Amino acid sequence: MSLEAAIAVHRFGLGARPGEIEGVGADPKAWLTAQIGMAAEQPVAPDGGAFPNCGTLVRQEQAMIAERRAIKAGDPEAQKKLAGGRMKIFTDEMAGRFKLGFTSSRPFAEHLVWFWTNHFTVSTTAGRTLNFCGAFEREAIRPFIADKFENMLLAVASHPAMLVYLNNNASIGPESRAGQRTGKGRNENLGRELMELYSLGVDSGYTQADVIALANILTGWSLDPKAASGFGYFPNRHQPGVQTLRGRRYAPDLKGGIEAVRDLARDPHTAHHIAIKFATYFIADEPSPQSVARLERVFSQTGGDLKALAIAAVEDDAAWEPRPRKMRSPVEYVTAGYRLLNLPGNDADGRLTRAAMASARAMGEFPMTAPSPKGWPLTSDAWSGPDAVLNRIEWAKQVGGKMPPDFNAARVADEGMGPLIAPATRTAMARAETQGDALALLISSPEFQRR
Amino acid sequence: MILDRRSLLQSFAAAGIIGAMDARAHFACAATPGDRRLVVVILRGALDGLAAAPPHGDKDYASVRGDLALQTSGTGALHDLDGFFGLHPSFANLKTLYDNRQLIVFHNICSPYRDRSHFEGQNVLESGGAQPHLLQDGWLNRALRPMGIGNGDRALAIAQTPPLMLSGKVQTASWMPAVMPAPDELFLNQVRALYANDAVLQESLSSALALQAASQNAMDDPAAVGPNGQKRPGGAYGNLTPLFQGAGKLLAALDGPRVATLEASGWDTHVTEGAADGQLARRLQMLDAAIDAMRTAMGREVWDKTAVVMATEFGRTVHPNGSGGTDHGTGGAAFLFGGAVQGGQVKAEWVGLRSDVLKDGRDQPARTDLRALFKGVLAEHMDVPNSALENTVFPDSGSAAPIKGLIRA
């Protein structure tokens, strides 16, 4: 078992399942690269099939709203059921996502999905996004991890989840026909965050006038229950007149909007912004300027090819430092624990998956619930505060306590961590009172807390 | 289990490991922390100051605010303060504080940040720099040593991990209402040994254990636990009361923290903000109730030694946007309250609400620098010397002279 194989599985992957490090083979870089040539896997719905597309979800949502209006004054039980309906959609979607993380045989591809979903944060904390969050990742992120950045950006900017989250569905050109009729106007939220967070980055010299121009460009981008994608462009809400964004002019129609989004993706500031975030996530909390510059160059030279970007990170020597440096986020931590123990098994009633979801939440992170569009933090210090660390140890102890009496912690450690285990951890495990405690010590150890 | 943790804490203390001992070791070369308490509440997301503290006496108020204007009479009427400014109808407890001369409202106030990014704005608010990302640590952390507070649990973040404002050279503690069962002492000692060569994890674990032991009595609120046993931090929909109440209980302890930070998000009201009812009204009411719970938990004696300063990264646009909300702006409101505060006043350099006085024709203007408020509180309430304020706590803040007359003599 080579050290490089263990690093590949833990740093780029999601932690080792039994036999996974052995299976990496002689060329860990090739093992990683082979995972990312195509779209990411899709999670499986509770009935074993595929989740519905967002157009269906938009129609469902409208039907639910209509139904709720109809029973407004009536049956409180029926009302409760409707509220529970939205939450169930979200929980089922997230359970499918967690399960994929526990079991995927393309863990690097899955890890890339997590990075991009967090980069393009959509959260249940604002707007009516609960029903659409799962679809967002399935439709705007997973198909594009080996595609061009501009295609992902466009899919993101036109996805119902994003349009609802950042209020673009309510943004109406003040001089458009709908604006004139209703007196309603523009909402800057998506226009601003699309530049600040999702593409150019905050110090890239755009102005308030640019924010307004982009918001105008995006007016009329909203939800259409008749479309399979759930997205529709409504010319009667679109602000008339050519818009100038960062010195370029865009026609007042959907084509102009698509061009504007693609131009943001191609802007050199975007290459820099993405390179920094990607390096911070996969290489180090404070990546060297050389690492960032390399990723930035590859991103620019390939026209934002995301597969090339991922390979460039894999090929950076700095990413192979033996000592794990990045604190696992709670979702990464719980996932690595489950992979280590080959959980959740068939989990027919979903209990073990739900337990992991609740644990990640209690440790402070849950997918698609970040407090702001900036997403969950990428650096270790966010997850290593006093309360956070104690929570993780408490979780490790709980997991250890659930192991059967014939459990062999040392074997799990060898298979799942191998050369990454520190001598002190081995000693402590050997001295532990029970096999469960030995496992809990492994999961609490500095080297398992990090990747 | 509680006793286990307490005895564990004592054994750490005996070994000189935990922070309180360390803090004492610094007394010889720094000021001694007094018994006054300072709490900073960070409102993340840009609170609408014109909703929180409506200038109802301004002749343009009703017209510029449109559907968001609050009424001065009838159901859902705002609370009048001085005939010109008021408080949102949800701020019933804050109104009582004002009447008891324990609340000062500040208006047209903002950090020196003049753009409209939440994240840069919060960075400036918390770092105390003149621009985003100029300083890597938080102003409140830099103010700890001058207050006589060293490493340990005299400075406390109610969070899983301290926010930037309280992060820096001085090690501080963090606490949240715990929901997971606590591991036993033996196991924790084994983990501590594992962390012997890991400074970050070792420091965090020691600090957490010390706090956990001291806070057992702050954890008895079942409301802190969600339906699936998850914690409810001050996120957009989280109940704030357990956090504020827990802070109040911890701050009440004789040897407890002297400085604490609290965070509440959920103020980014781009859509259907509402006026007397609605989204923002509910969130403000949650905040108002949480503040009252903190006051009650502290008890009269400690409350009388307390100042709470509550601020947000920037204000919002004066006019409603197209979707019944407001967009990112500049100036806004801030609040200073507590038994130690010389309250019952509104401090604002008011210039009206006409478009020609608004920043870029849209934002509430910024006429007072938030740093002037922070500096005033640090100087009068926590005896931070002027040299420290100007040189280390808020470098390059000469234009923002400390506001005087904030704290009772």
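Values quoted throughout were computed directly from the atomic coordinates according to the rules given, and no laboratory measurement underlies them. Remember, predicted model here, so these are calculated numbers, not experimental data. All Cβ positions, glycine included, derive from the backbone under ideal geometry; neighbour counts span all protein chains shown.
Numbers for the structure displayed
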read-out	value
Calculated [θ] (222 nm, deg cm²/dmol) that DSSP helices of n ≥ 4 give over the protein assembly as shown, each run adding -39,500 (n - 2.57)	-12500 deg cm²/dmol
Dipole of region A:1-110, positive end: most advanced residue of A:Gly48, A:Ser2, A:Ile21 [Cβ charges, Cα centre]	A:Gly48
By average C-beta atoms within 10 angstrom, highest first, the peptides A:24-34, B:76-86	B:76-86, A:24-34
Residue-averaged beta-carbon neighbours from other chains (10 angstrom radius) around B:320-331	5
Expected-Rg normalisation [2.2 N^0.38 Å, Cα atoms] applied to region A:297-383	1.40
Rg over Rh, two decimals, region A:7-57 (C-alpha only, Kirkwood Rh)	1.14
Neighbouring partner chain Cβ atoms per residue of B:161-167, average, 10 Å criterion	3
Partner lysines for B:Lys249 [C-alpha distance under 16 Å; skip if fewer than 8 residues away on the same chain]	B:Lys305
Distance between region B:370-400 and region B:255-333 - C-alpha centres, whole angstrom	23
Interatomic Cα distance distribution for region B:52-145, bins of 5 angstrom, percent	3, 12, 16, 15, 12, 15, 14, 9, 3, 1, 0
Region A:159-307 - Rg (one decimal) and Dmax (whole number), Cα, Å	16.9, 55
Qualifying lysines (Cα of each under 26 Å from Cα of A:Lys80; at least 8 residues distant if same chain)	A:Lys72, A:Lys88, B:Lys231
Cα coordinate range in the protein assembly as shown, projected on the principal axes (Å, largest first)	76, 70, 60
Binned Cα-Cα distances of region A:202-281, short to long, each 10 Å bin given as a whole percent	17, 41, 29, 13, 0
C-alpha center-to-center spacing [region A:400-447, region A:177-198] in angstrom	54
By average C-beta atoms within 10 angstrom, highest first, the peptides B:307-314, B:127-134	B:307-314, B:127-134
Residues of type lysines that B:Lys347 reaches as a straight line, Cα spacing below 16 Å, ignoring anything fewer than 8 places off in the same chain	B:Lys95, B:Lys375, B:Lys404
Hydrodynamic radius by Kirkwood, which averages 1/r over all alpha carbon pairs of region B:294-409, in angstrom	16.0
Along each principal axis, Cα extent of region B:67-205, largest first, Å	64, 39, 33
Charge dipole (region A:283-367, unit charges on Cβ, about Cα centre) - positive-most of A:Ala319, A:Ser359, A:Ala284	A:Ser359
Along principal axes, Cα extents of chain A, largest first, whole Å	76, 60, 38
Across A:Lys99/A:Lys255; A:Lys374/A:Lys402; A:Lys255/B:Lys359; A:Lys99/A:Lys374; A:Lys277/B:Lys169, pairs whose alpha-carbon gap is larger than 28 Å	A:Lys99/A:Lys255; A:Lys374/A:Lys402; A:Lys255/B:Lys359
